[in-house]
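Participant: Sending over a structure as structure tokens; questions will come in a sec.
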Amino acid sequence: MTSVDPLRTGARRWLRFFPPVTMVLFLVPIAAGLAGTLLPSFGYLPGNENTGLSLMPWRDLFNAPGVESALRVTVVTGVVATVLAVLLAIAISAAWHGTRAVSYLRKWLAPLLAAPHAAFAMGFAFLLAPSGWLTRMLSPWATGWERPPDFIFVQDPNGLALLIALVCKEVFFLLLMIWAAMAQVKADKLLDIGRTLGYRPVAAWCKIVLPLIYPQIRLPVYAVLAYSLSVVDMAIILGPTAPPTLSVLVLTWFQDPEPAVRFQGAAGAVLLLVCVVTAIALWRAAECLGASATRGWRTGGARHFADTAVQWISGSIMMAILAVTVGALLTLVLWSLTTVWRFPDFAPNSLSLVMWHDIWPRLKESIIVTTVVASVSATIAVVAALGCLENEQWNGARAGRRSLTLLYAPLVVPQISFLFGLQIMFVMMNLDGTWGAVIWGHLIFVLPYTFLVLSDPYRALDSRYARAASSLGASPFRLFWRIRAPLLLGAIAISFAIGFAVSVTQYLATLFPGAGRLSTLTTEAVIAASGGDRRIAAIYGLTQFVVPLLVFGSAMMVSIRRARHFAGSS
């Protein structure tokens with residue numbers, strides 16, 4: 001009779017708790033938040049016996065001035081930005097796959113993704129505004145302007161600046177998702193076969209690779225669509241103001257002291273959720289129609305698809321995006337050191353660290369809060385992800401398609417549609433404004449990224465290591481600490497860094513659970529961007545970019561050292 005190791009049995013039992021506990025920490029706040037927003041949208045406030053169900057909030061919503069314009073700008077900017085970002089990411093992947101340009105872009109993708117949305121939006125505004133650095137570069141010798149031109153680009157009524165900025169930011173995330181999916185389907189071998197059959201690169205990629213990887217990147221695309229429709233921090237900095245986008249308008253209603261206006265805001269949040277769900281449903285229908293309409297082209301044997309034009313156009317646009325990204329960062333650096341910078345001077349008239357010195361006490365507090373919240377939330381997320389993945393190895397409970405869909409729930413559901421309700425839940429639990437509430441709010445958005453980053457390296461690890469250690473009597477805990485953890489240290493470090501960066505970018509997840517008592521770099525940066533001093537805004541934006549970048553750099557060093565160590569050992 002075979003003896004049963006009690007340590008191994010006990011470890012397996014403990015590992016079974018990770019998936020349900022993770023789901024509770026993850027999904028319960030979302031469900032409670034949605035309920036806490038839906039009920040006030042019909043006039044009922046949980047915990048308040050003096051309120052009852054009513055349609056008055058919806059009447060107030062549709063009678064509010066500017067709602068139709070806000071909804072129109074929201075839908076146009078969100079949908080168009082997503083379409084352009086997806087098309088550009090596909091074009092770059094198809095036309096430039098295997099080139100040296102893509103290899104360089106892969107190396108610099110981490111810092112590009114680490115740039116927080118608010119920091120990028122501020123640099124984008126300082127670079128491309130009528131009085132921005134680009135105008136200064138061309139004035140007065142090329143434009144003849146001695147004063148800033150009289151036109152609106154940043155915060156223009158049509159949301160053009162917001163649309164362009166969203167494309168610039170989201171294309172890097174989509175490229176990362178596409179490249180990860182390509183590795184799973186072994187795209188290089190498929191493309192080699194296509195080339196031997198006479199297919200040009202773009203045609204081969206679109207006909208062979210894209211149909212295989214699109215089901216894997218569908219949820220990330222939906223996440224980009226939902227984010228573009230419901231973004232708040234970038235919309236505050238770059239979007240129109242009279243009226244603003246629907247998400248910003250809802251936020252102003254939530255911050256109003258009048259209860260009736262907050263009920264109206266809850267109705268607006270539900271309306272935004274309906275818009276996102278409708279947009280995703282229409283996108284899914286467009287996918288089906290597109291697949292049906294292109295079936296003849298995909299099977300028709302055509303071996304060319306405007307390769308030169310696709311490569312030239314996509315390469316030019318990507319170079320412009322990279323130039324804007326780098327220019328935005330450099331603009332933040334210059335403005336953070338500026339004492340005087342008159343238009344149309346190309347460079348500041350004088351540089352100094354005086355402004356850094358003046359706001360350092362307040363800045364230091366924001367750095368501490370940001371670092372603590374991001375470190376704790378990323379650590380919890382990594383531990384939860386590792387526990388769920390270990391449970392897969394020992395108990396065979398691998399996450400299916402439905403679980404992955406649930407994992408994307410906070411990325412697809414508009415934040416403002418459930419964070420107001422989540423704040424009500426924290427108030428009822430007497431947790432609002434506490435560190436725990438803010439960390440829990442951040443964890444909802446950090447966990448999906450850490451799990452997605454860790455899952456592929458974890459599952460790709462050679463199972464023979466585990467079988468050999470297990471045959472020698474190693475317990476699950478010993479096997480993890482002595483075998484898996486050292487081999488996956490680089491992936492764990494990168495996962496932590498990505499979770500840290502995601503936490504740093506959270507605006508609404510700090511604003512609502514924190515109840516204004518805890519200020520991170522992101523909340524302070526958005527406030528500073530709305531003020532009149534570009535120097536203060538630049539300091540907060542630059543710091544918001546540098547903090548996660550330092551963590552990314554440390555994680556990359558750990559990953560590189562581990563790779564070199566195992567390469568040297570082999």
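What follows draws every value from the coordinates through simple rules; no lab data is involved. In this text, all values refer to a predicted model and were calculated from it rather than measured experimentally. Virtual Cβ from ideal backbone geometry, glycine too; neighbours counted across all protein chains shown.
Participant: Find out how many positive minus negative residues lie around Ala528, taking Lys and Arg as positive, Asp and Glu as negative, among other residues whose Cβ is under 11 Å from that of Ala528. Can you show the working numbers first?
Facilitator: Working: positive: Arg362, Arg534, Arg535; negative: Glu524, Asp533.
Charge balance in the 11 Å sphere: +1.
Participant: Now for a different question. How would you rank 273-286, 134-147, 542-555, 90-103, highest first, on the average number of other Cβ atoms within 10 Å across their residues? Show your work: numbers first, answer last.
Facilitator: Values: 273-286: 15.4, 134-147: 13.7, 542-555: 21.1, 90-103: 18.4.
Final packing ranking: 542-555, 90-103, 273-286, 134-147.
Participant: Quick check: residue separation of Thr299 and Asn349 times 0.36 nm, minus the Cα distance between them. What number comes out in nm? Write out the running numbers ahead of the final one.
Facilitator: Numbers: separation 50, 0.36 × 50 = 18.00 nm, distance 6.23 nm.
Computed gain between Thr299 and Asn349 is 11.8 nm.
Participant: Beta carbons within 10 angstrom, averaged per residue: use that to sort the peptides 220-228, 249-257, highest first.
Facilitator: 220-228, 249-257
Participant: Check Thr338: other-chain or 5+ apart residues with amide H under 5 Å from its amide H, H built from backbone geometry?
Facilitator: Excluding prolines and chain starts, which carry no amide H, the hits are Ser352.
Participant: Want the number for Trp356 to Ala323: 0.36 nm per residue separation, take away the alpha-carbon distance, what's left? Intermediate results must be reported in sequence, preceding the final value.
Facilitator: On the way: separation 33, 0.36 × 33 = 11.88 nm, distance 2.66 nm.
In short, 9.2 nm is gained.
Participant: Next question. Over the Cα atoms, compute the radius of gyration (one decimal) and Dmax (the largest Cα-Cα distance, rounded to a whole number) for segment 54-351, in Å.
Facilitator: Cα only, segment 54-351: 22.1, 69 Å (Rg, Dmax).
Participant: Take the alpha carbon atoms of segment 174-198, find their center, do the same for segment 406-455, and report the distance between the two centers in whole angstrom.
Facilitator: With segment 174-198 and segment 406-455 each reduced to a Cα centre, they are spaced 35 Å.
Participant: Counting Lys +1, Arg +1, Asp -1, Glu -1, what net charge surrounds Phe426 among other residues with beta carbon under 15 Å of its beta carbon?
Facilitator: Working: positive: Arg517; negative: Asp432.
Around Phe426, the surrounding residues sum to 0.
Participant: Does segment 400-441 come out rounded, prolate or oblate, given a ≥ b ≥ c as the square roots of the eigenvalues of its C-alpha gyration tensor, rounded meaning a/c under 1.5 and, failing that, prolate meaning a/b above b/c? Let's see the in-between values first.
Facilitator: Numbers: a/c = 2.95, a/b = 2.15, b/c = 1.37.
It comes out prolate by the Cα gyration axes.
Participant: Check cross-link reach from Lys364 to the aspartates and glutamates: straight Cα distance under 16 Å, and skip same-chain residues fewer than eight apart.
Facilitator: Correct list for Lys364: Glu524.
Participant: Hey, another quick one. Once you keep just the Cα pairs under 8 angstrom separated by 6 or more residues, what percentage relative contact order results for segment 54-351?
Facilitator: On the way: 333 pairs, mean separation 96.9, N = 298.
Dividing the mean separation by the residue count of segment 54-351 yields 33 percent.
Participant: Among Ile237, Thr82, Ser292, pick out the residue whose Cα is farthest towards the positive end of the charge dipole of segment 54-351, where Lys and Arg carry +1 and Asp and Glu carry -1 on C-beta, about the Cα centre.
Facilitator: The one lying farthest along the dipole's positive direction is Ser292.
Participant: Classify segment 274-398 as rounded, prolate or oblate, taking a ≥ b ≥ c as the square roots of the eigenvalues of its Cα gyration tensor: rounded when a/c is under 1.5, otherwise prolate if a/b is larger than b/c and oblate if not.
Facilitator: Numbers: a/c = 2.88, a/b = 1.32, b/c = 2.17.
Oblate, since a/c reaches 1.5 and b/c is not below a/b.
Participant: Relative contact order of segment 224-344: what whole-number percent is it, with Cα pairs under 8 angstrom and at least 6 residues apart?
Facilitator: For segment 224-344, the relative contact order is 17 percent.
Participant: Among 35-44, 117-126, 306-315, 520-529, how do they line up by average Cβ neighbours within 10 Å per residue, starting with the highest? Walk me through the intermediate numbers first.
Facilitator: Details: 35-44: 21.0, 117-126: 27.6, 306-315: 15.5, 520-529: 24.7.
Highest-to-lowest ranking by the protection proxy: 117-126, 520-529, 35-44, 306-315.
Participant: In addition: Work out, step by step, the length gained on full extension between Met23 and Asp192: first 0.36 nm times the residue separation, then minus their alpha carbon distance; give nm to one decimal. Intermediate results must be reported in sequence, preceding the final value.
Facilitator: Values: separation 169, 0.36 × 169 = 60.84 nm, distance 4.18 nm.
Full extension of this stretch gives 56.7 nm more.
Participant: Follow-up. Can you list which of the DSSP-assigned H helices in the chain have a Cα extent of 20 Å or more along the long axis and an average Kyte-Doolittle score of at least 0.0?
Facilitator: Details: long enough: 18-41 (35 Å, 1.65); 67-96 (43 Å, 1.91); 160-184 (36 Å, 2.12); 210-230 (29 Å, 1.03); 259-293 (50 Å, 1.40); 307-337 (45 Å, 1.61); 354-395 (58 Å, 0.64); 435-460 (36 Å, 0.96); 489-504 (22 Å, 2.26); 534-569 (52 Å, 0.74).
Those that clear 20 Å and a mean of 0.0 are 18-41, 67-96, 160-184, 210-230, 259-293, 307-337, 354-395, 435-460, 489-504, 534-569.
Participant: Work through the residues other than Met557 whose Cβ is under 15 Å from its Cβ and net out their charges, Lys, Arg +1 and Asp, Glu -1. Display every interim value, and only then the final one.
Facilitator: Numbers: positive: Lys107, Arg561, Arg562, Arg564; negative: none.
Here the count lands on +4.
Participant: 222 nm [θ] for the chain, helices only, -39500 (n - 2.57) per DSSP H run of 4+, per residue, to 500?
Facilitator: On the way: 28 runs with 426 residues, N = 570.
That comes out to -24500 deg cm²/dmol.
Participant: Defining a contact as two alpha carbons under 8 Å apart and six or more residues distant in sequence, what relative contact order in percent does the chain show?
Facilitator: Values: 782 pairs, mean separation 136.4, N = 570.
Averaging sequence separation for qualifying contacts and normalising by length gives 24 percent for the chain.
Participant: Calculated from the structure, mean projected area of the Cα convex hull in nm² equals which of (i) 31.7; (ii) 34.0; (iii) 24.5?
Facilitator: The listed entry that was calculated here is (i).
Participant: Extending each Cα 7 Å along its Cβ direction at Met557 and Phe151, get the distance between those two points in nm, one decimal.
Facilitator: Output for this residue pair reads 4.6 nm.
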